Amino acid sequence: MAGRPRPQPHSPSSSTRRRERWLVVLGVALHAVYMLSIFDIYFKSPIVHGMDPVPPRLSAAPAKRLVLLVADGLRADKFFEPDERGRYRAPFLRGVIEEKGRWGVSHARPPTESRPGHVSLIAGFYEDPSAVTKGWKANPVEFDSVFNQSRHTISYGSPDIVPIFCSRVPHSTWDTYPHEYEDFATDASFLDHWSFDQFQGLLNRSFHDVKLRQLLLQDKLVIFLHLLGCDTNGHAHRPYSSIYLNNVKVVDQIAESMYNLMENYFKDNQTAYVFTADHGMSDKGSHGDGHPSNTDTPLVVWGAGIRSPKFLAYTEKPDDGFRFVDDHKHDAPTPQDWALEGFERVDVNQADIAPLMATLVGLPCPVNSVGSLPTQYLKLSKADEVEAVLANTKQILNQFLRKSHKQITQQLTLLILNMPSLSISELKQSSSLYFKPFKPLANYSSVLSQIEDLISERDYETAMKHSEELRKMALAGLHYFQTYDWFMLMTTITLGYIGWMVNLILHVLQSYTSFPAILLKKAQLYPKNTSMKVYIGGCFFMCLSSIILLLEKSPVLYHAYVFMTIFLWTRIVHNFEFLKAVWREFSNMPFKYALNLLISSAIAVLVLEFLVMSFFDRKIYTWCFLVLGILGSTYVAFFIEASPALAIYIWLACWFLSVFTLMPAEIPENNNLVILSGALIILIAVASRWANSNCTSFWLYLTRANKRDSQSSKLYFAQVILVAISSIMVWLSTSHRSQNRELHSLHQLINWSVAGAAMVLPLFSPPSVMSRLTSIFLGFAPPFLLLSIGYEAVFYSAFSMVLIGWIFVESANLYCSEESGSARRRSLVDGSVFAYEERHLQLSDLRIPLLFVILFNVAFFGTGNFASIASFEISSVYRFITVFSPFLMAGLLIFKLFIPFMLVICTFSAITKIVRIPRLGCYFLVILLSDVMTIHFFFLVRNTGSWMEIGNSISHFGIVSAQVVFVLLLFALTNIYTRDIVVSSRQLTARKVM
């Protein structure tokens, strides 16, 4: 009441503070542990070890040696189609297709990069997803390949590819050119000639080196030439350029020269040739994704063991339902301009080439291969063809068996092939408490026996059919065991996140709402005799789950996931009585309150889903702020009934900010915009200064009634001058650097001094809301301007205008609600006012953390993509440093990106003080909302697609997961500026303490 003394600020109890510290620690630990879960779920290596190779039981190897030519970055269409004069760019290989061998399109699977493509070609499996965290220039995991199985391998080419497969193979001869040769400013076709010249030199040396000649004359020899020219020229000049198209002719000439060289040297017609590419090239000169220009590569095979061309009587074939790994249709129509409709086309998955090459020289398929042998290329007898397919099937089946009982020794793996009576389930159960077998392969041993019997009876057609069906089932079984733990892990992690969110809701309800006070009057919520029983029960379940996981020989992190989830749900069960009481109160509410709760929750979830979508398309924020401008100005004009000028301001500020998410993420340099932004910042500061002198209506919440002192005026003018100096220094520093190609030492000193001094001055500004926030706005402006190169400097002003508008709307809303007496109403949903400055949280207060999450994400994506390296423009730091210093440069770039976040949190802190709600309670609500997005991103993590798609899915999940720490650290940092902010004393006297 009016006569009562001024209430003291609310001070939470020591038990509440202790509980909150533990809750924050728990949240940090939970998000750190659960963030690692994606690597156990999505990025678990498919490679297993311990299998023995399965050599094909052929009467004789089709070829003594194999030549593999890989034209890196060669598109299928540019290889097969004619040029503008109607001539084909690869006349020799086209002649091979028409006269000597077979052809098709090899379909790569994203990521269509050089390492995954070559791993698929040479080792027969698609990129180990765990390699995404380990780099690709060396083997993150050892795997088998055709080179490992060969008697000797000779390889020449790129230093990024050849060492991956040859550096640890003792029976190999290889060499690479220096990295400096890969010059994007030149025609890179000379790199292809280098590889061929090295091999030609090797053959020439063999005439004088007896040991080398003996090595070359042995069987099971593999020769690999990596031809990088098309890839380098495609990146530098695009695949439609004359340089790239001429490089297609170069690789054809090298294929012809290689053929002539080998045939003239060996003269035995025992060489098989495979010509293909690891990936294609997009029209923009890039690759990585699943576009057909990147996944479709040529495949031409000829020589020993290869069938002659097959001529077709018709060109149309019915679709047999087969799909390639990139979902291309089987035998898709051949483009007419290729003029190859009369020659049978045999398309393959890229991994199918490894077993093809292995079979040609009589080698076992690589033990990690998942490729299916394309028999249409091979010229074998029916018996040898079946034996080759059966060896391929057994090799894939061995992987399945190893995965199904991966804890069993290699001897048991081999034993199972000879013991039909011993089932997979029995072996797995020896190291697993519970095992769910892959049922389609439960009788695999009897199928193998049946195939062997059919081969003995020379029923090759039926044996082939059964072998192919068994291989198909084995591939399905591999996928089954690769994702065997997914359901358990994803269920555990999801329950953990839900348990964490329920714990957050419980803490907010117990510490920051009126529920405890109301409920304690009606019932005893925490019976002391059951509390210990709950925790004992939780410990029992932890011990039980630990025993099960130990019996399963599960990784240590599996224990952490389960323990964390059980602990969270134990805490929920501990608060079960409170939850029941809350439910009873909600059940007794009037219908309109329950409806408000449902509508508010639905709106919050809808907004959060839009924010999830914004991670993939920044333009969503444009529509968001266009709509928000209309809704906000309408709400201010008709519901708050504030000044029409405020409604117009909200509308213009939101629409102004909506422009920036239409801008390119790669910020173009435009110093004029940066300088113009300096003038705009000063203009906004002048307008804020004028508003600060307004002592009527809701402005009283943002200003102090006391007279302005001269010190604050001097500080304001000093900050304006620093903004002006920084704008001038942007022009001077850039002009001098462009002329002299270096940063003037005096300019560097001034820039560092202006930026440093500007950020200190807000600490000395008056503590009223508008004075302090205006000072913070001016304080961070100079460093942001000096770190800006283009439109992001104007974004700083537009973003600040929206933040100021948020404060205006909250103040106007509070003023009008107090004038109408709504702040004095007491109800379960609307809450009640504490007998001190802070009040209980209300349902309507959810708008504040929700708007915070929106604006916080705008700070991420307003001028680019915080999750993308493309947003880090190194030229942003050139006004502070030009000598390469990675840590200092990275620190400056990150600091620049943090400035908009700090503005949001300073505004958020001020608003919590204006409306008298606990900031820490709102922080927990922010984390609650962020974790709704975290769960969504958890299911959006990808382990297929381009490296960019995979990396972005990880970074999106990581960003929202890290907000529990990120936001807390920024709260602590900005607290330096906001902790002493005070609001007008009029607000306290206007309230009646209840």
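The values are calculated or read from the model by the stated rules, or taken from the named source; none is laboratory data. No experiment lies behind these values; they were computed from the predicted model shown. All Cβ positions, glycine included, derive from the backbone under ideal geometry; neighbour counts span all protein chains shown. Side chains are part of the model used for accessible areas, which takes the heavy atoms of the whole protein and leaves out ligands, DNA and RNA. Shrake-Rupley method; radii C 1.70, N 1.55, O 1.52, S 1.80 Å.
Going through (1) open to solvent by 30 Å² or more (accessible area, probe 1.4 Å); (2) modelled with pLDDT under 80; (3) under 30 Å from residue 838 (Cα atoms) one by one, residue 968 falls short only on (2).
When the residues of segment 244-284 are filtered to those that are open to solvent by 10 Å² or more (accessible area, probe 1.4 Å) and small (Gly, Ala, Ser), the one that is nearest to residue 65 (Cα to Cα) is 257. Assess whether residue 988 counts as being modelled with pLDDT of 85 or more and either surrounded by fewer than 17 Cβ atoms within 10 Å (Cβ to Cβ) or part of a helix (DSSP H, G or I) (or both). Criteria not met by residue 988. Is one or more of the residues making up segment 693-709 assigned to a helix (DSSP H, G or I) and at pLDDT 60 or above? No, every residue in segment 693-709 fails to be assigned to a helix (DSSP H, G or I) and at pLDDT 60 or above.
If the condition is being part of a helix (DSSP H, G or I), open to solvent by 80 Å² or more (accessible area, probe 1.4 Å) and acidic (Asp, Glu), then segment 434-477 contributes 453, 461, 469. On inspection, residue 554 qualifies as more than 29 Å from residue 851 (Cβ to Cβ) and not in a helix (DSSP H, G or I). Please enumerate the residues belonging to segment 177-200 that are surrounded by 21 or more Cβ atoms within 10 Å (Cβ to Cβ), within 17 Å of residue 224 (Cα to Cα) and hydroxyl-bearing (Ser, Thr, Tyr). Once the filter is applied, which keeps residues that are surrounded by 21 or more Cβ atoms within 10 Å (Cβ to Cβ), within 17 Å of residue 224 (Cα to Cα) and hydroxyl-bearing (Ser, Thr, Tyr), segment 177-200 yields only 195. Screening residue 646 on (1) at pLDDT 85 or above; (2) among the aliphatic types (A, V, I, L, M); (3) buried (at least 20 other Cβ atoms within 10 Å of the Cβ) shows it passes everything except condition (1).
Being assigned to a helix (DSSP H, G or I) and either over 25 Å from residue 487 (Cα atoms) or at pLDDT below 85 (or both), is that true of even one residue in segment 933-947? Talk me through it step by step, then tell me what you get.
First, pick out the residues of segment 933-947 that are assigned to a helix (DSSP H, G or I): 933-940, 947.
Next, only the ones that are either over 25 Å from residue 487 (Cα atoms) or at pLDDT below 85 (or both) stay: 947.
Yes, that holds for at least one residue.
With respect to the numbered conditions (1) touching a helix residue (DSSP H, G or I) at 6+ places or on another chain (Cβ under 8 Å); (2) at pLDDT 85 or above, which one is the sole condition not fulfilled by residue 770? Result: residue 770 fails condition (2) only. Is it fair to say residue 482 is within 30 Å of residue 404 (Cα to Cα), open to solvent by 30 Å² or more (accessible area, probe 1.4 Å) and of a type outside the set (A, V, I, L, M)? Against the criterion (within 30 Å of residue 404 (Cα to Cα), open to solvent by 30 Å² or more (accessible area, probe 1.4 Å) and of a type outside the set (A, V, I, L, M)), residue 482 qualifies.
Okay, residues lined up against (1) of a type in the set (Asp, Glu); (2) at pLDDT 85 or above; (3) crowded, with 20+ Cβ neighbours inside 10 Å:
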residue	(1), (2), (3)
784	no, yes, yes
799	no, yes, yes
811	no, no, yes
814	no, no, yes
818	yes, no, no
822	no, no, no
825	no, no, no
831	no, no, yes
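Screening residue 586 against (1) out of contact with any Cys (no Cβ under 6 Å at 6 or more places or on another chain); (2) open to solvent by less than 90 Å² (accessible area, probe 1.4 Å); (3) under 30 Å from residue 791 (Cβ atoms); (4) assigned to a helix (DSSP H, G or I) leaves a single unmet condition, (3). In the condition set (1) modelled with pLDDT of 90 or more; (2) within 30 Å of residue 285 (Cα to Cα); (3) crowded, with 18+ Cβ neighbours inside 10 Å, residue 42 is compliant with all but (1).
Out of the residues in segment 340-374 that are without any contact (Cβ under 8 Å) to a residue 40 or more places away in the chain and over 38 Å from the mean Cα position of the chain (by Cα), state the one that is least open to solvent (accessible area, probe 1.4 Å). Filtering segment 340-374 for residues that are without any contact (Cβ under 8 Å) to a residue 40 or more places away in the chain and over 38 Å from the mean Cα position of the chain (by Cα), the one least open to solvent (accessible area, probe 1.4 Å) comes out as 342. Residues that are closer than 19 Å to residue 294 by Cα and assigned to a helix (DSSP H, G or I) within segment 190-241 comprise 229, 230, 231, 232, 233, 234, 235, 236, 237, listed in sequence order.
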